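Read the structure below first, then the notes.
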Amino acid sequence: MQNSVKWRKSAVLVVILFTAVLIAAVAWITLPNPVAVKVNTPAAETIIATQTVQDQPATAQARKAAANAVTPVYSYDASISSKQQDQLVRLQKALTTTENQETSAAQKKYQAASAKDANAVYVKPTPAKMTTAFRSAYAKGDYPYFYQFSDSFYKSAFAVTAKDRDAVFATVAPAVERQLQERLTNSNLAAAKKTATAELSTSDLTTAQRRLGTTLIAQTIIPNQLINETKTQAKQAQARLQVDPVEIVQGQVIVQQGQIVDNTVIHQLGVLGLTKRRAPWALFGLLVLVVVQAIALLALLRQYPAASQRKNALLYSGLMGLAVLVMLGLRFLAKTGGGNLAMLLPAAFVPLLLRTFIGRRFALLAALMQTFLAFFLFSTRRPGRCSPPQRPSAI
C-alpha cells in the first residue's frame, strides 16, 4: 500500500513528455496567425471563410442602393402657378417703377440745371444706371426672384421701351401659365421650357424682346410636383428592410490559390477578422486543458502501485497520442473538401481499450479529453486552410 501513495519518476516523466508532445502537436493549429495577402498579387493559398458572419458594410451599401433606387413620391402644388404669375407681375412693376423714378430724377436735375444754364442738356438715364438703382431699391432678402436674373438681363430690359417691355411680359405670362398647369418635375421641366419658348417665335416680338422672354421663361417655369419627403423616406425605409443582410458563409471560398487578390477579397477577409492579429485565447484554453489532463492523469496514476504506473502512463499516452494523430490526419484530408471526414474518428476506440486494460476512470478521462481535443482540432481552424469539417459525434 505504501507504493500506492507515491509517484514513480518514470511515470511522471512519461506524463510530462506526453503533455509537451501534445502541446507541440496541437498548439500550432490554435495560433491566431493573420492571413498575409496584398492587393493585386496572387494568393499564396486558397482562403476559405472560417465562420458565417454578416458583412455589415456590404449590407449597408446594398440597403443604401435600394433606397436610392426608390422612385420619389411627388405631391402636386397647384399654388405654384399663381405664385410664379405674381412674381412676373411684381418684376414688371418694379422695372417700370425704377425707370419712372430714374427718368423723373433726371428730368428734375435737367430743370434745375436749365434754371442756371440755358445750354444745359438733358441726360437720359442709362440702362446700367437704372440696373444699379434697381438693385439698390430691391434687396435680395425681400425679392429673391429678382436676383435670379443677371445684370445683363436688366440692362437689356431697360434698353427697350416700356411699351416693348410690357409686350414681352404680356406674351410670356400666358405661356408660363399654360406650362405650369401641367404636372412638372425635374425630368420634364426642360421640355416645358422649350415649349413655352417656342410660342415666342410665333409672336410679333423682336429679337431683343424674344431674348428677354426666353430668360423670363427659363427662370419662371419651375417644378410644381415636389418631392414628398415624409412619404419618400417611408418608402426608402421599406426598401431597406426588404434587403436581406449580406453574409459571408462558413466554407465560402474567398480567393483561390493563384487568383489575383482585389479589394473585395481584402474587405471580406477584414470582415472575417482574418487579417488582424488576435489574442491567442484558443491557445490559452488548450494549455489549460492539457495541464488539467496532466494533473488528472497523475492523480489517477497515484492510486496504482508504483510498478504499474509507468505501464499505465505509457498505455494512456500512446493511445491518446494515436487518437490525436488520427484527428490530425482527418483534418489534413479535409483540406481536399471532405468536410465530413471528421465523422470517421473512432471516438470510442481509445476509451474502450483503456477500460479493458487499466480501468474505468482512465477511460472516462480519455473520452472527455478526446471531446475537447476534437473541438480544438476541428473547430479552431487557422484561416485560409480548408473548408470547415464537422466535429465528430461520440460513437
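The values are calculated or read from the model by the stated rules, or taken from the named source; none is laboratory data. Predicted, not measured: the structure shown is a model, and the values here were computed from it. As a convention, Cβ positions derive from the backbone with ideal geometry for all residues, glycine included, and neighbour counts pool all protein chains shown.
In table form, for the structure just shown:
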| item | result |
| --- | --- |
| Qualifying residue in region 64-75 (condition: over 30 Å from Thr232 (Cα atoms), in contact (Cβ under 8 Å) with a residue 12 or more places away in the chain and part of a helix (DSSP H, G or I)) | no |
| Filter result for Ala62 (loosely packed, with under 14 Cβ neighbours inside 10 Å, closer than 30 Å to His267 by Cα and either modelled with pLDDT of 90 or more or assigned by TED's automatic domain parsing to the domain that holds Thr185 (or both)) | no |
| Options Ala198, Ala167: the member that is surrounded by fewer than 15 Cβ atoms within 10 Å (Cβ to Cβ), outside any loop (DSSP other than H, G, I, E, B) and more than 45 Å from the chain's Cα centre (by Cα) | Ala198 |
| Of all residues in region 117-154 being of a type in the set (S, T, N, Q) and in a loop (DSSP other than H, G, I, E, B), the one that is modelled with the lowest pLDDT | Asn119 |
| Unique match (being within 17 Å of Gln54 (Cα to Cα) and either part of a loop (DSSP other than H, G, I, E, B) or more than 22 Å from the chain's Cα centre (by Cα) (or both)) among Gln219, Gln250, Gln257 | Gln250 |
| Checking Ala307 against (1) at pLDDT 80 or above; (2) in a helix (DSSP H, G or I); (3) under 20 Å from Leu13 (Cβ atoms), the condition it does not meet | (1) |
| Selected residue (criterion: farthest from Arg178 (Cα to Cα)) from residues of region 222-247 that are outside any helix (DSSP H, G or I) and polar (S, T, N, Q) | Gln242 |
| Matching residues in region 201-216 - criterion: being at pLDDT below 90 and in a helix (DSSP H, G or I) | Ser201 |
| Qualifying residues in region 4-19 (those that are more than 13 Å from Leu315 (Cα to Cα) and among the small types (Gly, Ala, Ser)) - the one modelled with the highest pLDDT | Ser10 |
